[in-house]
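To start, the structure itself, in structure tokens.
Just so you know, all these numbers are worked out from the coordinates, no wet-lab data involved. Just so it is clear, the model here is predicted, and its values are computed rather than measured. No Cβ is skipped: glycine too gets one built from the backbone with ideal geometry, and neighbour counts run over all protein chains shown.
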Amino acid sequence: MVVIRGVTGGTTVPGARSTRGASGGFRVGGGAEESREANASTGVSAATAIGLLAVQESAPAGERNARAFRRGEDMLRELKALQLELLEGRADPARLQELARLTEGEKPADPGLAEAVQAIALRARLELARRGIES
């Protein structure tokens, strides 16, 4: 037989409540009232739950911003290539179609980024309109 010594009963946490029933055992599947009491005693609140939902909601906004940023960069790249082609006296129809496709997309969550992407898209639409292509 092995004897273990030096183990104490544990420490008491101020404000903590026991989860043992009257008979000293654990209870499983307590009611809604007990859950509310347990949440109140541990400091879990509706504000915390709302805060977690807000964090989850911000992830898609960040993704939208990243996609819009890449789309804006792609439009600028296509506009630059179009400018070089025009200086050489040619314009690739596939490039114009790609530029028309890039002008459409979801709006980013960031207002400053939304304004910048909108301005780039307007410039692209002007170039397309000069060539008789609707976007």
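If the only charges are +1 at each Lys and Arg Cβ and -1 at each Asp and Glu Cβ, what is the size of the charge dipole of segment 78-135 around the Cα centre, to the nearest 20 debye?
Dipole of segment 78-135, to the nearest 20 debye: 180 debye.
Phi angles of segment 76-93 translate, via the Karplus equation with coefficients 6.51, -1.76, 1.60 and θ = phi - 60°, into HN-Hα couplings of 5, 5, 5, 5, 5, 5, 4, 4, 5, 5, 5, 5, 8, x, 9, 8, 6, x Hz per residue; Gly and Pro are given as x. Couplings 3J(HN,Hα) for segment 108-120, derived from phi with the Karplus relation 6.51 cos²θ - 1.76 cosθ + 1.60 (θ = phi - 60°), are x, 6, 6, x, x, 5, 4, 5, 5, 5, 5, 5, 5 Hz, where x marks Gly and Pro. Here the gap between residue 106 and residue 77, fully extended at 0.36 nm per residue and compared with their Cα-Cα distance, gives a gain of 8.5 nm.
Over segment 62-130, the reciprocal of the mean inverse Cα-Cα separation, the Kirkwood hydrodynamic radius, stands at 12.2 Å.
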